[in-house]
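The block underneath contains the structure these notes are about, expressed in structure tokens.
What follows is calculated from the coordinates using simple rules that are stated; it is not laboratory data. This is a predicted model, so every value here is computed, not measured. All Cβ positions, even for glycine, are placed from backbone atoms using ideal geometry, and neighbour counts span all protein chains on display.
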């Protein structure tokens, strides 16, 4: 049985709620000095696939795609997979549209290693993003959030998966 929390309302260990806010303002995160399982302070992917975390941003004024240089992911436990973060997309609303578009900005290439406990930076890849929107449309689109997809390889323990304490964007 797969338990999903699409609203992010669950407050239990490993819940998406744990990835809300600035991770460095959380004492449990600040006090970690080594990579370790920390389900009380992070989102922990389920063993079943697909595994992804959606982060909605509520910044005022809202950022546009042209201002985002990197997606930031704060990792507490890197897990055992070499390419734990499979891909990252930005959730965008093109100017004058009500539709939300998922624009890929990072795709694992096979040599990625996560730092932890630490902030990991995933530069926006304009070539990938252009698969979803033209460069001009991407630059002017409103950034609503990000989606972080975790590797789909079989896992027998949540220790094998990354524990994510926060997701944000770096603005240029």
Handout entry: Using alpha carbons only: equivalent-ellipsoid semi-axes of the chain, gyration tensor based, whole Å
Key = 26, 17, 16
Problem - Ratio Rg/Rh, restricted to the range 11-88 and using Cα atoms, in which Rh is the Kirkwood radius - result: 0.97
Exercise for the section: Just grab the label-to-label distance for residue 121 and residue 159, each label 7 Å out from Cα along the Cβ direction, in nm (one decimal). Expected result: 3.3 nm
Problem - Pair residue 56, residue 25: separation of 7 Å Cα→Cβ label points (nm) - result: 1.8 nm
Exercise for the section: Specify the residue with the greatest mean-square fluctuation among 104, 123, 45, computed from a Gaussian network of the chain linking alpha-carbon atoms under 10 Å apart. Expected result: 123
Completion exercise
Check: C-alpha center the range 95-172 vs C-alpha center the range 15-53, spacing in Å is 17 Å
Completion exercise
Expected unfolding gain across residue 100-residue 64 under the 0.36 nm per residue rule, minus the alpha-carbon gap, is 11.6 nm
Problem - Sorted by Cβ neighbour density within 10 Å, fewest at the top, the residues 78, 93, 113 - result: 113, 93, 78
Problem - Computed over the chain: relative contact order in percent, which uses C-alpha pairs under 8 Å that are six or more apart - result: 35 percent
Problem - Computed helical MRE - 222 nm, the chain, DSSP H runs ≥ 4 contributing -39500 (n - 2.57), nearest 500 - result: -1500 deg cm²/dmol
